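The values are calculated or read from the model by the stated rules, or taken from the named source; none is laboratory data. Model, not experiment: these values are computed from the prediction. Counting neighbours? That spans all protein chains shown, and the Cβs are built from the backbone with ideal geometry, glycine included. These accessible areas exclude ligands, DNA and RNA; they are computed on the full protein's heavy atoms, side chains included. Shrake-Rupley method; radii C 1.70, N 1.55, O 1.52, S 1.80 Å.
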Amino acid sequence: MPTRTLLTVKEFEKYQDDGKKHELIQGEHVTLPPAKRPHTRVQQNLQDALRPYVREHQLGELHIEAGFKLSSNTWLQPDVSFVRSAQMQRGDPNEYYEGAPALAESNSAAQLDLKMELYFAHGAEEVWVVYPKTRRVRAHFPDGHSETLASGLQSALFPGWSAPLSDVFA
């Protein structure tokens, strides 16, 4: 049986950019192909739907595929993330974010359950899983419950904000 070599974030950072998406999950280097157009469209639409509210209320920032160092052997890159202003103030502004974003969104299934566990273990408040083929969004919470956002996007992270699902799947 072959031996797996587990990496630290420092070792992981030595890899050159090759145009693919790379993550480090509990020491295991995971490589995904570049996103196809439908995937990037959903990312952009979600960011476009949230950005005006987040900026108007000065809550923090939204990112597409930002890097988050969760531990010495885990570095993840959610499709879309929301980072609260307080988290932005912590750490070196020229480095990766430390800890999980308040909201992490994914519309790719690669190791999704494990990633959700890791996000919640490192401070995430919600994880949204977007299903482009069925045009649904499922919100997951740290206490283990989840709900389908069938009538539109909404979140306790963004009081008073909502957006129709058609904005995401346009």
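Below is a table of values for the structure above.
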quantity	calculated
Residue among 106, 151, 81 that is of a type in the set (S, T, N, Q), in contact with a Leu (Cβ under 7 Å, 6 or more places away or on another chain) and modelled with pLDDT under 95	106
For residue 25: the one exception among (1) more than 22 Å from residue 154 (Cα to Cα); (2) out of contact with any Asp or Glu (no Cβ under 7 Å at 6 or more places or on another chain); (3) open to solvent by 50 Å² or more (accessible area, probe 1.4 Å); (4) not charged (D, E, K, R)	(3)
Residue tally, condition open to solvent by less than 20 Å² (accessible area, probe 1.4 Å), closer than 24 Å to residue 51 by Cβ and of a type in the set (A, V, I, L, M, F, W, C), over the stretch 117-156	9
